[in-house]
1. Of the residues V31, V58, V90, which single one is over 18 Å from the mean Cα position of the chain (by Cα), farther than 21 Å from I164 by Cα and in a helix (DSSP H, G or I)?
2. Would you say A162 is in a helix (DSSP H, G or I) and closer than 24 Å to L263 by Cα?
3. With the condition kept exactly as written, say whether any residue in region 244-256 is in contact (Cβ under 8 Å) with a residue 60 or more places away in the chain, more than 19 Å from the chain's Cα centre (by Cα) and buried (at least 19 other Cβ atoms within 10 Å of the Cβ).
4. From the list R83, R97, R120, R66, which one is assigned to a loop (DSSP other than H, G, I, E, B) and of a type in the set (K, R)?
5. Identify the single condition in (1) assigned to a helix (DSSP H, G or I); (2) over 16 Å from the mean Cα position of the chain (by Cα); (3) over 21 Å from N237 (Cα atoms); (4) in contact (Cβ under 8 Å) with a residue 12 or more places away in the chain that V115 does not satisfy, given that it satisfies every other one.
6. Could you please let me know if T179 is closer than 19 Å to A98 by Cβ, in a helix (DSSP H, G or I) and among the polar types (S, T, N, Q)?
7. In region 251-262, is there at least one residue being in contact with a Gly (Cβ under 8 Å, 6 or more places away or on another chain), of a type in the set (A, V, I, L, M, F, W, C), in a helix (DSSP H, G or I) and closer than 26 Å to S55 by Cβ?
Amino acid sequence: MNFLAGYTFALLASVLWGFNGILVRKALEKVDSFTGTFYIVFISGIFLLSLSTISGDVLTVEMDLRKVLLLSLGGIFQYFFGRTLTYFSVGVVGSSRAFTGTSTRIMFSAILGVVLLSERMGIVSLAGILVMIAGLYILSSERIRREGLLISILGGLSYGIASIFIKSGMLSSPALSNTISVFSAIPLIFVLAVKKGEGWKLNRFLLLSGFTMFLGTYCYYVSLSMIPVVIAVPVSNLYPVFTTLFSYFLIQKLENITIRAFLGSLIAVFGGILIYFG
């Protein structure tokens, strides 16, 4: 029963993150990507802080300065660089292609784990990297602005770097750890929005984007508490496929989903699963 619940939460996280891509695409029709990033991350952070406060983690969890600093660095890479690059690329190539590009976070996490943490990489992981690159190549062969896909992949690299810091700095409370990471990045995102943004228009899609980002992350952490990581991570990393499906059925006019786009997304995600199992 616990396994089924954990699997369901991991799948729900993937669906929520996938749907988040649709909401972001709609939100960025009416606001620039920098302002949009600030609103989405800030709203998600408020929900996380509320959860940490209600659960009592803010008062009961023991703080470690070194870990807090590591979580802060992780937050800057994950939310300032990662989210900003991701949402900027959404405006260039669309959610389905941008979110597929960011799924390279697993590939970069594996590579950085080998280089920085002396972890081992087997033949399955190497095969997964090649498969993921093949999927991205299929996407890049479409008639799209390839620099947009490259920007999303840089977002994936940022998430990969962030995972190293967060893994090393994780506190006993995942929710509080995430809260620290988010609020470490918010001041930088705010400054960027002030300098590069084009106004402070808030719309319902931004509110829903922030909420689904928070809820997806929460479901992911719940799944990790119930089932092994080797199951939770690959299942939750299906989100680019859900983004592509939702894009086809809900915002086809904005995304122009082709068979090649769906195939590229599916192959890239399969590569990510191979990397993780490897």
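The values are calculated or read from the model by the stated rules, or taken from the named source; none is laboratory data. These figures come from a predicted structure and were not determined experimentally. Cβ sites come from the backbone with ideal geometry, for glycine too, and all protein chains shown count toward neighbours.
1. From the options V31, V58, V90, the qualifying one is V58.
2. Working: in a helix (DSSP H, G or I): yes; closer than 24 Å to L263 by Cα: no.
Against the criterion (in a helix (DSSP H, G or I) and closer than 24 Å to L263 by Cα), A162 does not qualify.
3. Looking through region 244-256, at least one residue is in contact (Cβ under 8 Å) with a residue 60 or more places away in the chain, more than 19 Å from the chain's Cα centre (by Cα) and buried (at least 19 other Cβ atoms within 10 Å of the Cβ).
4. Details: R83 fails: assigned to a loop (DSSP other than H, G, I, E, B); R97 fails: assigned to a loop (DSSP other than H, G, I, E, B); R66 fails: assigned to a loop (DSSP other than H, G, I, E, B).
Just a single option satisfies the conditions, and that option is R120.
5. All conditions pass for V115, except number (4).
6. In short, no.
7. No - not one qualifying residue is present in region 251-262.
So that you can scan it fast, the table gives a plain yes or no per residue for (1) touching a helix residue (DSSP H, G or I) at 6+ places or on another chain (Cβ under 7 Å); (2) within 12 Å of T35 (Cβ to Cβ); (3) buried (at least 20 other Cβ atoms within 10 Å of the Cβ):
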residue	(1), (2), (3)
L157	yes, no, yes
A162	yes, no, yes
S168	yes, no, no
F183	yes, no, no
L188	yes, no, no
A193	yes, yes, yes
K201	no, yes, no
